[in-house]
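Take a look at the structure below.
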Amino acid sequence: MLQLPKFVLADNTDFPDNLFVIHLEYPRFIIDLESEDIEFLEELDESEEIELKEEMDLLIDQAAEFYEREITRFAEE
């Protein structure tokens, strides 16, 4: 079975000023680090969104830390 990382970086030439981090564990989402807009990749009902609020704050911080770590590693190469 393919093991996926918790986060991956993504970019797109149609959005040259945006850098995205994709969270591949539940709740799966894409965050635009520039605007901090989040798009969930699965349907969440209202109660799940409320329940995940605190966890999402932590996941957003982790996504930003992941980005910083990856950029540092790229710069070192």
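Values for this structure:
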read-out	value
Complete set of residues in the range 56-74 that are open to solvent by 80 Å² or more (accessible area, probe 1.4 Å), at pLDDT 90 or above and over 10 Å from the mean Cα position of the chain (by Cα)	Leu58, Glu65, Glu68, Arg69, Arg73
Elements of type strands (runs of 3 or more DSSP E) in the range 1-50, at least 2 residues being open to solvent by less than 100 Å² (accessible area, probe 1.4 Å) and closer than 19 Å to Glu70 by Cα	7-10, 20-23, 29-32
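The values are calculated or read from the model by the stated rules, or taken from the named source; none is laboratory data. These figures come from a predicted structure and were not determined experimentally. Surface accessibility is based on the protein's heavy atoms, side chains included, excluding ligands, DNA and RNA. Shrake-Rupley method; radii C 1.70, N 1.55, O 1.52, S 1.80 Å.
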